[in-house]
Amino acid sequence: MKELLPGVYRLPVPIPYPLKTVNLYLLKGNGEVALVDTALGTRAARGTLELYLAELGLCFPDVRAVLLTHHHPDHYGLAGFFEGLGARVFLHEEELFRGHRFWREPAAFEEKGWRLFLDHGTPEEALADIREGIAKTRERVHPPENPIPLRDGEVLEVAGKRLRVVWTPGHADGHVAFLLEEEGVLLAGDALLERVSPNVGLWAYTRENPLQDFLRSLDRLGELPAGVAHAGHFGPIPDVKARAEELKAHHQERLEALLALLEAPKSVWELSLRLFPQELDAAGRRFAFAETLAHLEYLRQEGLLGREGPPYRYFRT
């Protein structure tokens, strides 16, 4: 745990994923305690978080507000747990009928979700592994029942801080960052990461062009009056605009790589294996598929690719 500002603490919490930890941010002031994000519902995460709170003389029921950057399980997984203890849980309105519903109503997107994989060339055996992984993750996610919708630009006053909500879709449809305007500090969630590019995937429940959303969000983030960004993983980002430009360049390179691979029509699954040739587990391969699809759909909507099928294959126009 590290105090970043008076009353603002970074809490790295273990997660069973390649990134190893997720950064939660605790705000403490004016007799109130708030958390930005919650980690996954594992014994290790709860135990670590309980120890951090104890260091500050706190316990779980002292958390009265939970501000979620987005619905991904490593950020959202314990939201329902805190809500059950009396905390108000905030989530961007765009998530309510998309990502939040994905966790609250497992059947809502199930058939459409599996069909997306199959229609784009995913082998049955690979899909079985993906399904098993999602089922395991669902056991660790405790959705809130009544999240309070956040809207872009609104200002929250919690734990002695004023935070402006900045809607940054792309990594998730309802992803938000929280700008501490007086301090010039951005709590960026996964909209910006120090070492890697946030995954930008197209899923059965998402908006139709997440990469376009993400690139626009990077432009917006680069214009914010923030001297530093503290992200959902890894360390701080001292130059927000420079990092945003690096990520834009990275995705441009990925788009060019996909165009180069399309010397003949190919499925999303085939292209994901070429674009991400490293050894990946089922979860990693699922993210590789969704990111490849997001880039292909961006190129298709830009008029650079066509699509035939189903089963679908993409080709250069």
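The values are calculated or read from the model by the stated rules, or taken from the named source; none is laboratory data. Every value quoted in this text rests on a predicted model; they were computed, and no experiment measured them. Heads up, the Cβs are rebuilt from the backbone with ideal geometry, glycines too, and the neighbour counts pull from every protein chain shown. Heads up: the accessible areas ignore ligands, DNA and RNA and are worked out on the full protein's heavy atoms, side chains in. Shrake-Rupley method; radii C 1.70, N 1.55, O 1.52, S 1.80 Å.
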*How far, in degrees from 0 to 90, does helix 43-55 lean away from the longest principal axis of the Cα atoms of the chain, to the nearest 10?*
30
*asked:* I need the calculated FRET efficiency for the pair residue 138 and residue 97, taking r as the beta carbon distance and R₀ as 22 Å, to the nearest 0.05.
replied: 0.75
_Between residue 20 and residue 3, what is the label-point separation in nm under the 7 Å Cα-to-beta-carbon projection?_
2.6
*Could you pull the Rg and Dmax for segment 79-225, using just the Cα atoms, both in Å?*
17.0, 53
*Which value in Å is the Kirkwood Rh of the chain over different Cα pairs?*
20.1
*Any lysines with Cα under 23 Å of the residue 2 Cα? List them, leaving off those in the same chain fewer than 8 positions away.*
20, 28, 161
*What are the extents of the Cα atoms of segment 274-315 along their three principal axes, listed from largest to smallest and rounded to whole Å?*
32, 20, 14
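So, with a 1.4 angstrom probe, what is the percent of accessible area on segment 146-242 that is carbon and sulfur?
The nonpolar share, carbon plus sulfur, comes to 47 percent.
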*Write down the accessible area per residue of segment 234-286 in Å², having rolled a 1.4 Å probe over the full set of protein chains.*
51
*Where in segment 1-41 does the label zone of residue 55 land, with the point 7 angstrom along Cα→C-beta and an amide N cut-off under 11 Å?*
1-4, 9-13
*Would you kindly state how much longer the chain becomes between residue 110 and residue 301 on full extension, computed as 0.36 nm times their sequence separation minus their alpha carbon distance, in nm to one decimal?*
66.2 nm
_Whole-number percent relative contact order across the chain, with pairs defined as alpha carbons under 8 Å at least 6 apart_ = 15
*asked:* Along its three principal axes, how long is segment 163-293 when you only count alpha carbons? Whole Å, largest extent first please.
replied: 53, 28, 25
*For segment 129-155, list residues with backbone N below 20 Å from a point placed 7 Å from the Cα of residue 282 toward its Cβ?*
129-142
*23 Å Cα-Cα reach of residue 266 towards lysines, excluding residues that sit fewer than 8 places from it in its own chain*: 112
*In percent, how large is the relative contact order of segment 240-317, given Cα pairs closer than 8 Å and 6 or more residues apart?*
35
*Before anything else, pin down the relative contact order of segment 144-293: Cα pairs under 8 Å, at least 6 apart, normalised by residue count, whole percent.*
19
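Looking at segment 227-317, which GluC sites (Glu not before Pro) are DSSP coil and have at most 14 other C-beta atoms within 10 Å of their C-beta?
263, 279, 302
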_Give me the extension gain from residue 128 to residue 241: residue separation times 0.36 nm, minus the current Cα-Cα distance, reported in nm with one decimal._
36.6 nm
_Convex hull per residue volume in Å³, alpha carbons only, for segment 1-128_ = 134
